[in-house]
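Report on the following structure.
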Amino acid sequence: MKKIIICLATAIAFVFTACEEVEHAEGMKTTYYPVWDIEGGSLYAFQVGSEFVDPGYSATLNGEDVTADVEVIGEVDGETSGMYQLTYSYTNPDGFTNTISRTVAVYDIANAGTADISGGYATSYCYRHKANGTTDNYQDNYGFNVPMTITKGPAAGLFYVKCLLGGLYNGGAAAYGAAYEYKALILLNADNTINILNGADIDPWGDPIYDTENATYAGLSKYDPVTGDVNIYWDWYGSTTVYHTYYTNN
């Protein structure tokens, strides 16, 4: 599989502007919206293991600094890898609210892998390892196989897996539709091991997904650079059941 080095620029400041003055007909009032300056950009990578410090933001309204009146919605846990959303909100004197958002990727930046594992995969399987020692294969049980894809994520070493359940709810037996693809955000480390990063877009039911350290059946999630195969072991909402998603390379 082709390997490339993905570079992530995290220190670049992006300046976001809104239309500062609204044109109006006679008798109507002019209202102003803020000009935003978001240091670090709309996607900001943060090294896991310390308290998160916002890289900075400011808002100017008709030439006046109104940063002190900006409300920051959302929190970032710098001790836990994952994707977090921060929304900066300002309401002008006329009662109109204007917002801008930033996504914060908390993970081991220094240890991110450089291999490119994105692309199409010929087959995908999802095995369910139960606490009683038995194993189910969703594809065999329900008689389906849905080709899968892995796409590049928002930063170096991050990738989206199309469906951790191998297409069971999207194109398999249940066929609930694309909203139930069970998409996951994963981190490829420099040693080709893989970690799952929790986020709001992972599970359509709102259940958290974890790596397998707390489960009774443990496997090593990894990418095999020789075969191009991807193995992901994961734990659904802290149960004793471990799921194993296996993608075979084309």
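Give just the number: which of (1) touching a residue at least 40 places away in the same chain (Cβ under 8 Å); (2) open to solvent by 40 Å² or more (accessible area, probe 1.4 Å) does SER118 not satisfy?
(2) is the only condition that SER118 fails.
Please give the number of the condition TYR237 fails out of (1) modelled with pLDDT of 80 or more; (2) open to solvent by 50 Å² or more (accessible area, probe 1.4 Å); (3) hydroxyl-bearing (Ser, Thr, Tyr).
So the condition that TYR237 fails would be (1).
Which one is farthest from ILE194 (Cα to Cα) among residues in segment 118-143 that are touching a helix residue (DSSP H, G or I) at 6+ places or on another chain (Cβ under 9 Å) and either of a type in the set (Val, Ile, Thr) or at pLDDT below 80 (or both)?
Filtering first and then ranking leaves THR123.
Just one of GLN47, GLN85 is in contact with a helix residue (DSSP H, G or I) (Cβ under 7 Å, 6 or more places away or on another chain), at pLDDT below 95 and open to solvent by 40 Å² or more (accessible area, probe 1.4 Å); which is it?
Criteria check complete, one pass: GLN47.
Looking only at segment 195-233, which residues are modelled with pLDDT of 90 or more, part of a strand (DSSP E or B) and open to solvent by less than 20 Å² (accessible area, probe 1.4 Å)?
Across segment 195-233, the qualifying residues are TYR223, VAL230.
Could you pull out every one of the strands (runs of 3 or more DSSP E) wholly within segment 124-194 that has 2 or more residues that are open to solvent by less than 10 Å² (accessible area, probe 1.4 Å)?
Here the list reads 148-152, 158-161, 184-188.
Quick check on segment 105-119. Is at least one of its residues more than 30 Å from SER42 (Cβ to Cβ) and among the acidic types (Asp, Glu)?
Checked against the condition, which is being more than 30 Å from SER42 (Cβ to Cβ) and among the acidic types (Asp, Glu), segment 105-119 yields no hits at all.
The values are calculated or read from the model by the stated rules, or taken from the named source; none is laboratory data. These numbers were taken from a predicted model, which means no experiment stands behind them. Quick reminder, even Gly has a Cβ in these numbers, built from the backbone with ideal geometry, and neighbours come from all protein chains shown. Side chains are part of the model used for accessible areas, which takes the heavy atoms of the whole protein and leaves out ligands, DNA and RNA. Shrake-Rupley method; radii C 1.70, N 1.55, O 1.52, S 1.80 Å.
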